[in-house]
Amino acid sequence: MVRIVGVDVPENKRTNVALTRIYGIGPYMAGQVMEKAGISDDPAPRIKELSEDQIDRIREIIDKEYRVEGDLRRETTMTIRRLIEIGTYRGLRHRRGLPVRGQRTKTNARTRKGPKKTVAGRGRKTGMKK
């Protein structure tokens, strides 16, 4: 396996797909990196088909021009920590583990809230006359 920015990149995948394994590089950015490295994009070659020189160029471009992996993760956590410290609404949502970007929470939001916690007496309405 080839290591780029401390990440094992799979050799049998196409270059543009393999680069997306790096945190902070999506499909668009992978295409940009390949273009700057001078690697053709129409039939993107697989990582194992690239020469050492081309792989070194990709490493160089990512190191110099993009914020990826550890630096990006650190920046993201610091931003969230700052929002929590200054007490913004977004910070409170992060602290409580609720959706941050205005999604509804009466239903859905299970990814952020976790599995349902059943509360006694919260089911059917009882004691109502017809």
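The values are calculated or read from the model by the stated rules, or taken from the named source; none is laboratory data. Predicted model only: the values in this text are computed from it and were never measured. Heads up, the Cβs are rebuilt from the backbone with ideal geometry, glycines too, and the neighbour counts pull from every protein chain shown. Quick note on the areas: whole protein, heavy atoms, side chains included, nothing else; ligands and nucleic acids left out. Shrake-Rupley method; radii C 1.70, N 1.55, O 1.52, S 1.80 Å.
Miscellaneous remarks
- Dimensionless Rg/Rh of region 41-87 - Kirkwood Rh, Rg from C-alpha atoms: 1.27
- Calculated P(r) tail over 19 Å for region 1-60, as whole % of Cα pairs: 12 percent
- Carbon and sulfur %, accessible surface of the chain computed with the full protein complex present, 1.4 Å: 48 percent
- For Kirkwood radius over Cα pairs in Å, calculated from these coordinates, the label among [x] 18.1; [y] 16.8; [z] 18.5: [z]
- With K and R counted +1 and D and E -1, the other residues having a Cβ less than 10 Å from that of ARG101 yield a net charge of +2.
- In this Cβ point-charge picture (+1 for Lys and Arg, -1 for Asp and Glu), the chain has a dipole of about 2540 debye about its Cα centre.
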